[in-house]
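Student: Starting off with a structure, shown below.
Every read-out reported here was derived from the displayed coordinates using simple, explicitly stated rules and does not represent laboratory data. Computed from a predicted model, the values in this text were never measured in an experiment. Methodologically, a virtual Cβ is constructed for each residue, glycine included, from the backbone with ideal geometry; neighbour enumeration extends over all protein chains shown.
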């Protein structure tokens, strides 16, 4: 027989390990088809423009797609892989030579270049491992937080599973999801700090600082900021539960922890804020998204996520998929509604309900919500309707955890019955609103979704009215909550490719022959996969992107390309000139930026969109010569491209993009076809040299007579201060373990601060 201690610590340990095991293995099992290779996770297959023999998964495709935002590929995968390779090569990835004519990489943010989990992208399927890890952290942090605030073990696990499989994780997979785990982790830090203040103990903000800093390193500042607003609300509500003297100590330590987090994050924040004034930020400029919101007719998708079919399956609902950022589900909403009625942590429950109502309200344009968008700093430029869902999904999960804790108690069943009735009416009202706004719900998946919702609601009703005991009701509802979350999460995975090959023959040809020149694509090797494969592409699909470059593209290369989507296919005016038309009309301009090769789809010359390319290629004096083809692409060589390095009267030996040796008869000027931007430094024979701008966007350095070793380096301005702040931030965290920063008077170290109506914080982790 196993040894059991008097206080039951062995049982508590086993229980804790069981909870942790469930939360760790659940996302692994849910993604087993991808891990086992039954379905393919590599986003390059779908979005890289190099696929051959592509076959859809069980749900069909493409559409539907396994995720909403193709930036799972263009920024997160391609640029993240480039950053990971740089880090592996012991280089800080400040700059990306392989996109446009060069662009900041750390400062671009979406690559999450200094986020440790991004470095998993050096592996095949590394992005899949990263996403699973994010889910696991989310689940464990939510579970620990809910136990800390008094939720039962079952309630904490079920609600943590619901957040681990939340709607944003299901539908988005680009950098949007990276900060999500650090919302519950930071709030766990708030609760630990709350307890330490109540016990008159020093420090306590280490986890708070770590969570906030990780949110910023994660690469999507909009989500980090919006989650930060919920963290602020939570903090203020929890401070009200402390005596006045303790409250100010608590808030002071929160501020110190926040300052430490910002200091630790300086190596990513300084490059980002230095880059922003020089960048094209697309729709985030000016009034941004102030007057944009989702139609109320789309609210049904919050309760029945696939009422509008699978992702981009139905063309008439493309606008919905282009703007939505997550969903809830009927069980989660019902339990959250019931959880609002309890007495323990009353202020926190009210705050979470208000957060859900306000954030969903502004996302769907409820009356009066536009005022909030205008008065909350930064909200209008953050595409809030897309990026708020992680925070309201989390709020719903916490409320659901409260409900599952309360439901076995007196009064819990009554709240549940009201909640089930509310959700049933809400579904009917949402469907009516959809049709009232001129939309229709149709298709097999919509029908299946309706049946599933009906079964779920009926099951909840049976439990609310017919369950024999409160414990039976609680367990069944916990299973129902987890089941709903996992089922909805798995559906997009079934649209992943089941078969296909990324054809790399053309990529290998370019790796062998491109040298330090560049290529332009009309389809194959979509941006920013040049960065992934280490071949310089003139194209870009990114945000933010240097404004000097986007302006140059519009003036000289392609006036019909959207500023942030110079992809070889995207058009501002579909009736205007095609990318091929603009290429042929501006061949000399492409030469001047160092373009040597043009990539076109294998069958391009027979397609109307490429008629101008076909005519030019067939002309006797064509300057584009076909030099290679494979299953997916044709490669044309453009004659006489400008060299990457040039200096009149000098012999140049280019060692790398940041290194060239020159032998000049007389003084000369070295021209380098790399984007000029503050932060670039040059040296000649080991001595600092002035680097200037030549033409509209490129770099020049004066060369003396004789031999010169010229070296270039990009380091964002003020990085010495940033690294100093980084060290100070960690010192603050370390001091927090030993220095009091104020001690509550009259508090006893052995007197924990129990949550109202719940167990003590110590019991909360048992």
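Student: Can you work out the FRET efficiency for the pair residue 252 and residue 88, with r the C-beta to C-beta distance and R0 = 41 Å, to the nearest 0.05?
Tutor: On the way: r = 41 Å, r/R0 = 1.00.
Efficiency at R0 = 41 Å is approximately 0.50.
Student: Could you state, as a whole-number percent, how many of the C-alpha pairs of segment 595-683 are farther apart than 18 Å?
Tutor: Of all Cα-Cα pairs in segment 595-683, 60 percent lie more than 18 Å apart.
Student: Let me ask you something else. With every atom except the alpha carbons ignored, what do you get for Rg and Dmax of segment 388-475, in angstroms?
Tutor: Rg then Dmax for segment 388-475, in Å: 15.5, 45.
Student: Compute the distribution of all C-alpha to C-alpha distances in segment 326-406, in bins of 5 Å from 0, and list the percent of pairs in each, rounded to whole numbers.
Tutor: 3, 16, 25, 22, 16, 12, 6, 1
Student: Let me ask another. Based on Cα positions only, what radius of gyration and what Dmax would you give for segment 529-594, in angstroms?
Tutor: 11.6, 34
Student: Could I ask something else about it? For the residues 657, 678, what sequence is obtained by ranking on other C-beta atoms within 10 Å, fewest first?
Tutor: So the residues, fewest neighbours to most, are 678, 657.
Student: If you scale each eigenvalue of the Cα gyration tensor by 5 and take the root, what three semi-axes come out for segment 448-586, rounded to whole angstrom and sorted largest first?
Tutor: Sorted largest first and rounded, they come to 53, 19, 14 Å.
Student: Report the full-extension gain for the segment residue 693 to residue 592: residue separation times 0.36 nm, less the Cα-Cα distance, to one decimal in nm.
Tutor: Difference between extended and current length: 34.8 nm.
Student: Report the FRET efficiency, 1/(1 + (r/R0)^6), for residue 490 and residue 318, where r is their Cβ-Cβ distance and R0 is 30 Å, rounded to 0.05.
Tutor: 0.85
Student: Could I get the Rg over Rh figure for segment 291-492? Both from C-alpha atoms, Rh via Kirkwood, rounded to two places.
Tutor: 0.97
Student: Of the peptides 189-199, 154-164, 598-608, 442-452, how do they stack up when ordered by the mean number of other Cβ atoms within 10 Å, highest first? Could the numbers behind the result be given before it?
Tutor: Details: 189-199: 23.3, 154-164: 28.7, 598-608: 17.8, 442-452: 15.8.
Ranking the peptides 189-199, 154-164, 598-608, 442-452 by packing returns 154-164, 189-199, 598-608, 442-452.
Student: Quick one: angle between helix 244-264 and the longest Cα principal axis of the chain, in degrees between 0 and 90, rounded to 10, please.
Tutor: Relative to the chain, helix 244-264 is tipped by roughly 20 degrees.
Student: For a footprinting-style exposure proxy, rank 186, 302, 567 by other Cβ within 10 Å, fewest first.
Tutor: 567, 302, 186
Student: Roughly how far apart, in whole Å, are the Cα centres of segment 406-480 and segment 58-91?
Tutor: Segment 406-480 and segment 58-91 have Cα centres spaced 36 Å from each other.
Student: Okay, moving on. Using Cα-only point scatterers and the Debye equation, what is log10 of I(q)/I(0) for segment 504-642 at each q in 0.14, 0.21 Å⁻¹, rounded to two decimals?
Tutor: -0.58, -1.43
Student: Right, here's the next one. Let me make sure I get this right: for segment 323-368, a, b and c are the square roots of the gyration tensor eigenvalues over alpha carbons, sorted descending. Under 1.5 in a/c it's rounded, otherwise prolate if a/b > b/c, else oblate. Which is it? Mind dumping the intermediate values first?
Tutor: On the way: a/c = 2.82, a/b = 1.52, b/c = 1.86.
The shape class here is oblate.
Student: Label segment 235-384 by shape, choosing from rounded, prolate and oblate, from the square roots a ≥ b ≥ c of the eigenvalues of the Cα gyration tensor; if a/c is under 1.5 it is rounded, and otherwise prolate applies when a/b is larger than b/c, oblate when it is not.
Tutor: oblate
Student: Please give the helix 330-339 orientation as an angle from the longest Cα principal axis of the chain, in degrees from 0 to 90, rounded to the nearest 10.
Tutor: Between the helix axis and the principal axis of the chain, the angle is about 50 degrees.
Student: Taking every pair of alpha-carbon atoms in the chain, what share in percent sits in each 10 Å bin, from 0 to the bin with the longest distance?
Tutor: With 10 Å bins starting at 0, P(r) equals 3, 13, 22, 24, 18, 12, 6, 3, 0, 0.
Student: Order of 584-590, 9-15, 482-488, 108-114 by packing, highest average Cβ count within 10 Å first?
Tutor: 108-114, 482-488, 584-590, 9-15
Student: Shifting gears a bit: What do the square roots of 5 times the Cα gyration tensor eigenvalues come to for segment 99-138, in whole Å, largest first, as semi-axes of the equivalent ellipsoid? It would help to have the intermediate numbers written out before the result.
Tutor: On the way: eigenvalues 108, 28, 10 Å².
Value: 23, 12, 7 Å, ordered largest first.
Student: Report, to one decimal in Å, the Kirkwood hydrodynamic radius for segment 223-298 based on all distinct Cα pairs.
Tutor: One decimal place: 15.9 Å for the Kirkwood radius.
Student: Moving on. Taking a point 7 angstrom from the Cα of residue 479 along the C-beta vector, which residues in segment 126-145 have backbone N less than 14 Å away?
Tutor: The answer is none, because no backbone nitrogen lies closer than 14 Å to the label point.
Student: Between segment 322-398 and segment 214-277, what's the alpha-carbon centroid distance in Å?
Tutor: Spelled out, the Cα-based centre of one part sits 20 Å from the other.
Student: Another question about this same structure. Under 1.5 on a/c is rounded, so check that first for segment 287-352, then, if it is not, pick prolate when a/b is larger than b/c and oblate when it is not; a ≥ b ≥ c are the square roots of the alpha carbon gyration tensor eigenvalues.
Tutor: oblate
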